[in-house]
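**Q** Here it is, the structure, as structure tokens.
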Amino acid sequence: MAPAVGTDLGYTPPDGGWGWMVVVGAFISMGFSYAFSKAITVFYKEIQEFFGASYSEIAWISSLLLAAMYAGGPVSSILVNKYGSRPVVIFGGLLSGIGMILATFSTSIIQLYICVGVIAGFGFSMNLQPSVIVVGKYFLKKRPMANGLAMAGSPVILSTLAPLNQFLFDKYGWRGSFLILGSLLLNCCVAGALFRPIGLVSKTKKDKNKPIEDKDPEKAGISLTEPKNIDTPEKKEKESCLARFNKVLDLSLFKHRGFLIYLIGNVLMFIAFYAPIVFLAPYGKHLGVDEYSAAFLLSVLAIVDMIARPATGMIANTKWIRPRVQYFFSFSVIFNGLCHLMCPLATGYVGLVVYSVFFGLGFGMVCSLLFETLMDLVGVKRFSSAVGLVTIVECVPLLLGPPIGGAIVDTFGDYKYMFLFCGAIMVFSGIFLFVGNFYNYRMLRKEAELEKADQKKDVEMKDAATLKKHDYDAVSSDEKVAQNGSEVKSEKCEDANGSGHQS
């Protein structure tokens, strides 16, 4: 059973109130960040024909977008720690919107790589990380449910964008569609405005709703859980560069056993996580399905995903599953991989719809638990750094995954080998996570038992020392009493022998 991770924020999260508006903001921000890389795959076949690119070359658009989104994680985490979630998400919304608007003027595939992949992708990283972090600050008991609802933004927006993109393409072409999509991404700025800072609040009327970081603790009449130390020139000289960096990004997490297991398992998983989505609509067109029906496969996936994410969050919030949420996550990854292994059996449109249903279920389960399991391992206070470190490492498999899938399609001329490759990788990573978490929890139990035994031993030693001292004090008091008694007796004898003899 997983050890419970308490709140180390210095305040009790409200688990509601304005937190639900924060969930709405995260729903929009995370929805666009995750859904966009999948929704633009509707344009890939036409863009491929327009620029005369191969499957592998066109797949680099999604790869660069996802890699930039994850590679920007540490930068996003540092900015959140310094400025808070609200300004970072607003900046991310502006950046992603500008990237898509600039993409409308692209005259080569390289320019699409830069505008859509790098600029818009980095903007999405500014949207994603703060949204995940701020939900964890507003919720504790209902956190799995809140995360599930926030993560449901991706399938909801994807189910809308996929057919909308096909409609926009028919009306305005891919350039006009990118311009409209860029304006839609500016809604992330509105979502960021909902991320009101939270912390310890003063009880004075003047500063009633003012966050603690904006106030002088002495004037507010409150004490901070972790007061800021005043940096003198001498302290700054003694403080190493690594120590300063650790304040904004905690590198000691690489010594955390549970974090390392999570990281290795996720790196393996992300090699095969997004490639099936990138090639789902093109696979449908390859089998002779019309464009709208192929785009509808993404909508089917998104609709099931939309239901799966909050449902998974509610299941994970139950008293039976939450202590074992790491195992639940491992099962979700294995189930996702099994879906891909079954995909080659689908040779017609009905089979692809069935695959999309099961794929949406597995994908939704994994996405709903992705950050909850990390928060469960490291705690809320270290979560910001953990997300930043995880995403910078995960950007490498995300960058390579879709092009590897495209290269497999180019080599064999068939999509089924790509789906088999992805399924095998996912199943292996899920088994690794299951075994690794089992080992981690076993070691945690042993360490807890040893710590308990050491504490018991220390208590026994203290009790023995106290008893010994008590016995020593008792013996000393007896000796003193005996000594006092003999002194009194000798004094009586003197009185009897001296003053008692009278002439």
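**Q** Would you confirm whether any residue within the stretch 313-330 is in contact with a Ser or Thr (Cβ under 8 Å, 6 or more places away or on another chain) and either open to solvent by 40 Å² or more (accessible area, probe 1.4 Å) or hydroxyl-bearing (Ser, Thr, Tyr) (or both)?
**A** no
**Q** Here are the criteria: (1) within 30 Å of Gln166 (Cβ to Cβ); (2) touching an Asp or Glu at 6+ places or on another chain (Cβ under 9 Å); (3) of a type in the set (A, V, I, L, M, F, W, C). Tell me which single one Ala316 does not satisfy.
**A** Among (1) within 30 Å of Gln166 (Cβ to Cβ); (2) touching an Asp or Glu at 6+ places or on another chain (Cβ under 9 Å); (3) of a type in the set (A, V, I, L, M, F, W, C), the lone unmet condition for Ala316 is (1).
**Q** A further question on this structure: What do you reckon, is Ile40 of a type in the set (A, V, I, L, M) and open to solvent by 50 Å² or more (accessible area, probe 1.4 Å)?
**A** no
**Q** Still on this model: Are there helices (runs of 4 or more DSSP H) fully within the stretch 220-312 with at least 1 residues that are modelled with pLDDT of 80 or more, under 27 Å from Gly413 (Cβ atoms) and open to solvent by 60 Å² or more (accessible area, probe 1.4 Å)? List them. Show your work before the answer.
**A** On the way: elements: 233-238, 241-248, 257-271, 275-278, 280-286.
Qualifying helices (runs of 4 or more DSSP H): 280-286.
**Q** Pairs please, first residue from the stretch 424-436 and without any contact (Cβ under 8 Å) to a residue 60 or more places away in the chain and assigned to a helix (DSSP H, G or I), second anywhere and surrounded by fewer than 17 Cβ atoms within 10 Å (Cβ to Cβ) and of a type outside the set (Lys, Arg), Cβ atoms under 7 Å, 6+ apart in sequence or on different chains.
**A** Once the first residue is without any contact (Cβ under 8 Å) to a residue 60 or more places away in the chain and assigned to a helix (DSSP H, G or I) and sits in the stretch 424-436, no partner that is surrounded by fewer than 17 Cβ atoms within 10 Å (Cβ to Cβ) and of a type outside the set (Lys, Arg) comes close enough.
**Q** Could you check, for the stretch 30-37, whether at least one of its residues is farther than 20 Å from Ile303 by Cβ, touching a residue at least 24 places away in the same chain (Cβ under 8 Å) and open to solvent by 10 Å² or more (accessible area, probe 1.4 Å)? Give the steps one after another, and end with the answer.
**A** Residues of the stretch 30-37 that are farther than 20 Å from Ile303 by Cβ, as a first pass: none.
No, the stretch 30-37 contains no residue that is farther than 20 Å from Ile303 by Cβ, touching a residue at least 24 places away in the same chain (Cβ under 8 Å) and open to solvent by 10 Å² or more (accessible area, probe 1.4 Å).
**Q** Another question, if that's okay. Considering Tyr113, Tyr138, Tyr172, which residue is modelled with pLDDT of 85 or more and surrounded by fewer than 18 Cβ atoms within 10 Å (Cβ to Cβ)?
**A** Values: Tyr113 fails: surrounded by fewer than 18 Cβ atoms within 10 Å (Cβ to Cβ); Tyr138 fails: surrounded by fewer than 18 Cβ atoms within 10 Å (Cβ to Cβ).
Only one candidate passes the filter, namely Tyr172.
**Q** Search the stretch 171-187 for residues that are at negative phi and pair each with any residue that is surrounded by 14 or more Cβ atoms within 10 Å (Cβ to Cβ) and not in a helix (DSSP H, G or I) when their beta-carbon atoms are under 8 Å apart and the residues are at least 6 apart or on different chains.
**A** Arg175/Thr104; Gly176/Thr104; Phe178/Thr104; Leu179/Thr104; Gly182/Thr104
**Q** Can you tell me which residue among Gly364, Gly388, Gly360, Gly379 is open to solvent by less than 10 Å² (accessible area, probe 1.4 Å), of a type in the set (Gly, Ala, Ser) and more than 19 Å from the chain's Cα centre (by Cα)?
**A** Details: Gly364 fails: more than 19 Å from the chain's Cα centre (by Cα); Gly388 fails: more than 19 Å from the chain's Cα centre (by Cα); Gly379 fails: more than 19 Å from the chain's Cα centre (by Cα).
The unique qualifying residue is Gly360.
**Q** I'd like the residue in the stretch 69-103 that is open to solvent by 20 Å² or more (accessible area, probe 1.4 Å) and among the small types (Gly, Ala, Ser) and, out of all such residues, is farthest from Asn165 (Cα to Cα).
**A** Selected residue: Gly84.
**Q** Can you name the residue in the stretch 429-460 that is aromatic (Phe, Trp, Tyr) and surrounded by fewer than 17 Cβ atoms within 10 Å (Cβ to Cβ) and is also nearest to Gln326 (Cα to Cα) among such residues? Spell out the reasoning first.
**A** Keep residues of the stretch 429-460 that are aromatic (Phe, Trp, Tyr), which gives 432, 434, 438-439, 441.
Filter once more, so that each one left must be surrounded by fewer than 17 Cβ atoms within 10 Å (Cβ to Cβ): 438-439.
Numbers: Phe438: 9, Tyr439: 12 Å.
In this case the residue turns out to be Phe438.
**Q** Mind listing whichever residues of the stretch 116-126 are buried (at least 24 other Cβ atoms within 10 Å of the Cβ) and either in contact with a Leu (Cβ under 6 Å, 6 or more places away or on another chain) or more than 17 Å from Lys82 (Cβ to Cβ) (or both)? Let's see the steps before the verdict.
**A** The initial filter retains those residues of the stretch 116-126 that are buried (at least 24 other Cβ atoms within 10 Å of the Cβ), namely 116-117, 120-121, 123-126.
Result: Val116, Gly117, Ala120, Gly121, Gly123, Phe124.
The values are calculated or read from the model by the stated rules, or taken from the named source; none is laboratory data. Computed from a prediction, not measured in an experiment: that's the story for all the values here. Neighbour counts run over all protein chains shown; Cβ positions are idealised from the backbone, glycine included. What goes into the accessible areas is simple: the full protein's heavy atoms, side chains included, and nothing from ligands, DNA or RNA. Shrake-Rupley method; radii C 1.70, N 1.55, O 1.52, S 1.80 Å.
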